[in-house]
Structure formats: C-alpha cells, structure tokens
1. Restricting region A:196-214 to residues that are among the β-branched types (Val, Ile, Thr) and open to solvent by less than 30 Å² (accessible area, probe 1.4 Å), which is farthest from the chain's Cα centre (by Cα)?
2. Hey, among the residues in region A:120-148 that are under 13 Å from A:Leu40 (Cβ atoms) and open to solvent by less than 20 Å² (accessible area, probe 1.4 Å), which one's farthest from ligand 4 (Cβ to nearest atom)?
3. Go through region B:1-72 and tell me which strands (runs of 3 or more DSSP E), entirely inside it, have 3 or more residues that are assigned by TED's automatic domain parsing to the domain that holds B:Arg149, within 16 Å of ligand 2 (Cβ to nearest atom) and open to solvent by 20 Å² or more (accessible area, probe 1.4 Å).
4. Report yes if A:Ala166 is within 11 Å of ligand 1 (Cβ to nearest atom), under 24 Å from A:Lys26 (Cα atoms) and crowded, with 23+ Cβ neighbours inside 10 Å, otherwise no.
5. Could you identify the single residue in B:Ala130, B:Ala88, B:Ala159 that is within 14 Å of another protein chain (Cβ to nearest Cβ) and aliphatic (A, V, I, L, M)?
6. Answer with yes or no whether A:Thr44 is open to solvent by 40 Å² or more (accessible area, probe 1.4 Å) and more than 8 Å from chain B (Cβ to nearest Cβ).
7. I need the full set of residues from region A:252-269 which are in a loop (DSSP other than H, G, I, E, B) and closer than 19 Å to A:Glu295 by Cβ, in order please.
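The values are calculated or read from the model by the stated rules, or taken from the named source; none is laboratory data. Note that the structure is predicted; figures quoted are calculated from it, not measured. No Cβ is skipped: glycine too gets one built from the backbone with ideal geometry, and neighbour counts run over all protein chains shown. To get the accessible areas, we keep the full protein, side chains included, count just its heavy atoms, and leave off ligands, DNA and RNA. Shrake-Rupley method; radii C 1.70, N 1.55, O 1.52, S 1.80 Å.
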Amino acid sequence: MKPFTYERATSPAEAAAAAARRPGAKFIAGGTNLLDLMKLQIETPAHLIDVNGLALDKLEPTPEGGLRIGALVRNTDLAADQRVRRDYGVLSRALLAGASGQLRNKATTAGNLLQRTRCPYFYDTNQPCNKRQPGSGCSALGGFSRQLAVVGHSEACIATNPSDMAVALRALDAVVETVKPDGTTRGIPIAEFHRLPGDTPHIETALEPGEFITAVTLPPPAGGRHVYRKVRDRASYAFALVSVAAVVQRDGTGRVALGGVAHRPWRVEAAEAEVPRGARAAMAAILANARPTHENAFKVTLAERALHAVLAEARG
Amino acid sequence: MKLFFTVNGERRDLELDTRTTLLDALREHLHLTGSKKGCDHGQCGACTVMVGGRRINACLTLAVMHQGDEITTIEGLGSPDKLHPMQAAFVKHDGYQCGYCTPGQICSSVAVLEEIKAGIPSHVTADLNARPGLTADEIRERMSGNICRCGAYSNIVDAITEVAEQQA
Ligand SMILES: Cc1cc2nc3c(=O)[nH]c(=O)nc-3n(C[C@H](O)[C@H](O)[C@H](O)COP(=O)(O)OP(=O)(O)OC[C@H]3O[C@@H](n4cnc5c(N)ncnc54)[C@H](O)[C@@H]3O)c2cc1C
Ligand code: SF4
Ligand code: FES
Ligand code: FES
C-alpha cells in the first residue's frame, strides 16, 4: 500500500467537506473493497476518512411508509432485518447471495453500492485499462471477456458492475441520499446513480467529488413475490455470471432487473410490459440491444432461462 | 499512530503505521500467530477473527479502524489444556490436515452457530420469514468464506454439527 494519512469523520457534512479539502482523499467504510484495491495499488488514496463512527447504522420507517437504510448499515444486518425480509425480500436474497458471512458483517450499504468492477484487466496493473488508467485502452475488448458486459457497453469499456445488492435496489426503485461538500443534500434515483461507461469508464456514478452517501431510501412496499436468482460458477461465494431480481404481482405483471450483464444494474422499464407474456418475450425486449462478445454470448440465453425460472418460482 | 484495543480480554496499546491491517497488528506486533494469512484479500477466511462478537476477515480492515474494539482470536477461544468445544470437536473429527485454515475455520464456526441462533438467514434458508434451521446445508453455505486447500470440509461439517447438537 502507498502511505496515507488518516482521520475519523465527525459528521456526514464534515466528512464531505474534508474530502473536498484534501486532494486524493477517500472515505473508508467496511474497507472490504477499498483495502483490497489499495493493496494492489489500483486505488492509491493519500488520505483516508474513516466514516465508521458516524451514527448512520440504523433502519427507520419513512413518513411515506417506506424504509430509510443508513449508509453504514452492514449487509448482514440489512439482510436480516424483519421489515426487509417481509416487505423487500428481493433485497435480503440479493445480499445473502453475495460475498461471505465475514465480508457481509463488514460491508456497508454505501460501500456495496460503490464497489468497483471485477474485470480481470482492471485488477492486472500490467495491462492497459481505461477504467484504471484513462486513455490507456481496454484489454478486455480483444481479451478474456467471459465475465463481462453484453449490453450498454462502449468501445472504451465492457466491464460489469459486480454488486448483487444494487440489482435488487434497482428493482425496488431505491433513492440514494447524499450530502455535498457545501452541505447541500439531494436524493439520486438509483436509475441515475450508476453510469454507463461511454468514453469515461473511470466515472462510475453520479456522485460529485467529495459527495457523501448518508442513506438509501426504499419506497413503500410494492407487494408481489420477490425473487433473486444468481447464476455463478460455484454454488456459493462467487460473483454472478447473470442474476435476476424480480418483483412479480399476482396478475403476472412485474419488474425485472439484471446483474452481471452491464456496467450498471440493467433494467428497461419499457420492456416490462412483456413480462406477463413470459421470459422469452420479456428478455428479448430487456436485452434488445445486446452486443455480446464471442465469449459471453451465452449470457443472453442464460438470462432468459434464469428469468424463466424466476417467473415459475414467482407463480408457484 | 497510537491506538488501543482489547484482544482476548486484555488491553493492548500500539503505535502503528496507518497501513497496518488488523491481521498484521495481531500477528507481527502482538505475536498472536494463530490467525493466518492465506490470501490477504478477503478470499480464503484464514484470518477470521471476532470483533465485537462478529466474525470478520482481519486482512481487509485497518488496525486504526478498531480503536477501543473488543477482538477475539483463536488464542482467546481456548488453550491446549482447556480447549473450546469447537476446538475439541475439530480434533475428534479430524477437521483438518495441514491445519493452516483451521484457526479461521474454528473462529468462523463458533460465529456461525451464534448467527443461526440469532435468526440471521442465509442464501439457503428456504423461508425468509422463518427461523433458519441447524442443517448441514446451512452450515456449508455459511462456512463458504473459509477455504480449505486440504479439502477437510466433510469432517469440518461433522465437527460443527456435533457442537450444534451439544448446544441445542
Ligand atoms: C472475496 C470477495 C467476494 C465478494 N463477493 C461478492 C459478491 O458475490 N457479490 C457482491 O455484491 N459483492 C461481493 N463482494 C464485494 C463486497 O460486497 C464489497 O467489498 C462491499 O460491499 C464493499 O463495502 P464496504 O463497506 O466494505 O466498502 P469500502 O471498501 O469501505 O468502500 C468502497 C467504496 O465506497 C466508498 N464509500 C464508502 N462509504 C461511502 C459513503 N458513505 N459515501 C460515499 N462513498 C463511500 C469508498 O470511498 C470506496 O471507494 C466480494 C468481496 C470480496 C473481497
Ligand atoms: S472492460 Fe473496462 S475495466 Fe476491463 S479492461 Fe476494459 S476498460 Fe478496463
Ligand atoms: S487472509 Fe484474510 S481472507 Fe485470506
Ligand atoms: S487443513 Fe490444510 S488448508 Fe485446511
């Protein structure tokens, strides 16, 4: 690791202001992604702002009947919360399908949302990577791309977002609450939070420099059957090849978000009219613009079959 | 940077480079070498310790982030002449070969039984709104963050199952 200075944040607004003051500063929450990347010198912050002391570890009902999840609620606690299990089951399921018990005990809501890609070339500092080193090129385009994106990608980057939790949050229409270095706050709809790579794959979210996440808010429960299905190379403790988060109503209508296929959780609201007609019609619409590589074309078929299984489970 | 935390019930004062992981603080500075470094990247579980009663990977956290925390390592669970029931069960069932992953496996399994008791669901829990059971499937899934190169898995599950049954 490169040397860095360290401070403990005293309030969310102060954390944001401190991050803007210090060039090269980063927040650290669970540390399970940031420290991993710092050891490999993929991330090289000069200053760490430890936010663990901020009292953002609570889940509370919102006046509208939804749920406000503090940025520091650990993945284990979020998945185990009775309200989440009862009303937002797809979120519990997505969290429990990710990482390991040890990691979920540390990983936070905000840190999970901001975890970086698992593209093998992003991790290999000897290889060009536009995300790690803007302008250096993308090694994955002509390389090993089995794990990578099939839709929404660009000539600059074909990486996927690895978060399971984010896929469920996308299906649930969550809102990310933040405070900026000047003290102003805003809510960013999850649909606008993660960006497509375009020409700037190193810019991954709508967050501005220093902007700090305080909470993630869920709207009132949508009802229906909640299913998260993750297809991976091992039965446990592996990232998704493809995952499906779905909330399906009795009448067969529903919402569907996909993981493992794009630079952000992939949901196409306009395609959801096809959900009652079944997996084939729905997936054809959701992945209408897919451009897989020869190594990951299987993901398109896999996504359709995974959705088929999800819809069967939701009916059953 | 100066800091202190409690390890196995004893207050320890340290002065460390900010880069020191909790694992390196325990092994290199406090000479508690029971916790092992397998991968140093959160992938193998050999470094599993309990902080505030919860299992975590000590390799993916900084010592400075644990000011004032209560840490339990394998050395705090039991000693050669007074084994923790989980340690005794691992010996009885041959839950290891080379033993490198074992301290992490044992810390993790003690925590797993607590997690099931606390009603925390897992990926294989069939009904999210019911209490999870103490089945072999539950134990396997919850232990998936602890890798054993020697493949002692089935004996590890036997050891954990026996302790679970003793506690039930
Ligand atoms: C072996 C392994 C397997 C894994 N498997 C999976 C898996 O299957 N599925 C999955 O989804 N994930 C998986 N993960 C990733 C894991 O979920 C993430 O590492 C974790 O969620 C990150 O959370 P954290 O709190 O530790 O983040 P940190 O590492 O603390 O931070 C991550 C990023 O978020 C920023 N940040 C943190 N908090 C805030 C805030 N409040 N506001 C603004 N910025 C903030 C940090 O600056 C940093 O850039 C795995 C990780 C490992 C090591
Ligand atoms: S796909 Fe993206 S992350 Fe992977 S090498 Fe190309 S630019 Fe880097
Ligand atoms: S050494 Fe920490 S998980 Fe492998
Ligand atoms: S006993 Fe050798 S690695 Fe598990």
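1. Our first condition is that a residue be among the β-branched types (Val, Ile, Thr); within region A:196-214, this holds for A:200, A:203, A:205, A:213-214.
Narrowing the set further to residues that are open to solvent by less than 30 Å² (accessible area, probe 1.4 Å) leaves A:205, A:213-214.
Working: A:Thr205: 10, A:Ile213: 14, A:Thr214: 16 Å.
Filtering first and then ranking leaves A:Thr214.
2. Taking region A:120-148 and keeping what is under 13 Å from A:Leu40 (Cβ atoms), we get A:120-127, A:129, A:132.
If we keep only those that are open to solvent by less than 20 Å² (accessible area, probe 1.4 Å) too, we end up with A:122, A:129.
Details: A:Phe122: 29, A:Cys129: 33 Å.
Here the residue is A:Cys129.
3. Details: elements: B:2-7, B:10-15, B:48-51, B:54-57, B:70-72.
Fully inside region B:1-72 and qualifying: nothing.
4. Details: within 11 Å of ligand 1 (Cβ to nearest atom): yes; under 24 Å from A:Lys26 (Cα atoms): yes; crowded, with 23+ Cβ neighbours inside 10 Å: yes.
For A:Ala166, the condition - within 11 Å of ligand 1 (Cβ to nearest atom), under 24 Å from A:Lys26 (Cα atoms) and crowded, with 23+ Cβ neighbours inside 10 Å - is met.
5. Working: B:Ala88 fails: within 14 Å of another protein chain (Cβ to nearest Cβ); B:Ala159 fails: within 14 Å of another protein chain (Cβ to nearest Cβ).
Of B:Ala130, B:Ala88, B:Ala159, the one residue that is within 14 Å of another protein chain (Cβ to nearest Cβ) and aliphatic (A, V, I, L, M) is B:Ala130.
6. Values: open to solvent by 40 Å² or more (accessible area, probe 1.4 Å): yes; more than 8 Å from chain B (Cβ to nearest Cβ): yes.
Yes: the conditions hold for A:Thr44.
7. The first filter runs over region A:252-269 and keeps only residues in a loop (DSSP other than H, G, I, E, B), leaving A:252-253, A:260-265, A:267-268.
Those that are in a loop (DSSP other than H, G, I, E, B) and closer than 19 Å to A:Glu295 by Cβ: A:Gly260, A:Val261, A:Ala262, A:His263.
Yes/no matrix, rows are residues, columns are (1) more than 10 Å from chain B (Cβ to nearest Cβ); (2) touching a residue at least 60 places away in the same chain (Cβ under 8 Å):
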position: A:Ala79; (1), (2): no, no
position: A:Arg83; (1), (2): yes, no
position: A:Leu91; (1), (2): yes, yes
position: A:Leu95; (1), (2): no, yes
position: A:Lys106; (1), (2): no, yes
position: A:Ala110; (1), (2): yes, yes
position: A:Leu113; (1), (2): yes, yes
position: A:Asn126; (1), (2): yes, no
